[in-house]
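Okay, so here's the structure we're looking at.
The values are calculated or read from the model by the stated rules, or taken from the named source; none is laboratory data. No experiment lies behind these values; they were computed from the predicted model shown. Positions of Cβ are generated from backbone atoms using ideal geometry, with glycine treated the same way; all protein chains shown enter the neighbour counts. The accessibility values were calculated without ligands, DNA or RNA, using every heavy atom of the protein model including side chains. Shrake-Rupley method; radii C 1.70, N 1.55, O 1.52, S 1.80 Å.
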Amino acid sequence: AHLTSTEWFFGLKELDLQQVGLSDDGVRRLADSGSFAHLTKLAIALNQLEDQAAMALAHSPHFPSLRFLYIAGHQFSDSALKRLAESSRLQSLEYIYVHPFHRIEVGGSMHPVHTREAWGHLGSSWSM
């Protein structure tokens, strides 16, 4: 059985998969699974992911509650990051943490991909 097919994940609010060897295909499986509909915080940092992982998240209809996304340590293109930031599928997404100084163009002006204030909302269980 795959991690994404486990029923008890359905009510999960936070998922920390940092530095666990998660692959682009693993992120796609997460994105394709309906098991994470209540997830509000997702950390997939430091897994050597590429743009296809970001695109899987941006196009997924299965993260309606996702508010915080921690994806530091990857070489995502600005285009992939912009798609995440502007995704109509991720309606609840408030913060994307990529790097303290990373900025992308959204709607004709430059915006930080994250704000440090976001970490105050994440709680003490996650660290920068």
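Scanning region 13-28 for residues that are of a type outside the set (A, V, I, L, M, F, W, C) and assigned to a helix (DSSP H, G or I) returns Asp24, Asp25, Gly26, Arg28.
Output the residue which, of all residues in region 1-28 that are at pLDDT 95 or above and in contact with a helix residue (DSSP H, G or I) (Cβ under 7 Å, 6 or more places away or on another chain), is least open to solvent (accessible area, probe 1.4 Å). The qualifying residue least open to solvent (accessible area, probe 1.4 Å) is Val27. Being open to solvent by less than 20 Å² (accessible area, probe 1.4 Å), closer than 17 Å to Ala85 by Cβ, hydrophobic (A, V, I, L, M, F, W, C) and touching a strand residue (DSSP E or B) at 6+ places or on another chain (Cβ under 6 Å) is not true of Leu57.
Here's the yes/no breakdown for (1) more than 13 Å from the chain's Cα centre (by Cα); (2) of a type in the set (Lys, Arg); (3) assigned to a loop (DSSP other than H, G, I, E, B):
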residue	(1), (2), (3)
Gly11	yes, no, yes
Leu30	no, no, no
Phe36	no, no, yes
Leu49	no, no, yes
Gln52	no, no, no
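When residues in region 33-62 are screened for being in contact with a Gly (Cβ under 7 Å, 6 or more places away or on another chain) and among the aliphatic types (A, V, I, L, M), 2 of them pass.
The listed residues are Ala58, Ala45, and the only one of them that is part of a loop (DSSP other than H, G, I, E, B), under 10 Å from the mean Cα position of the chain (by Cα) and hydrophobic (A, V, I, L, M, F, W, C) turns out to be Ala45.
The residue that is farthest from Thr40 (Cα to Cα), among those in region 67-89 that are open to solvent by less than 60 Å² (accessible area, probe 1.4 Å), part of a loop (DSSP other than H, G, I, E, B) and touching a helix residue (DSSP H, G or I) at 6+ places or on another chain (Cβ under 8 Å), is Ser77. For Asp51, state whether it is farther than 15 Å from Ser87 by Cβ and either acidic (Asp, Glu) or modelled with pLDDT of 95 or more (or both). So Asp51 does not fit the description; no.
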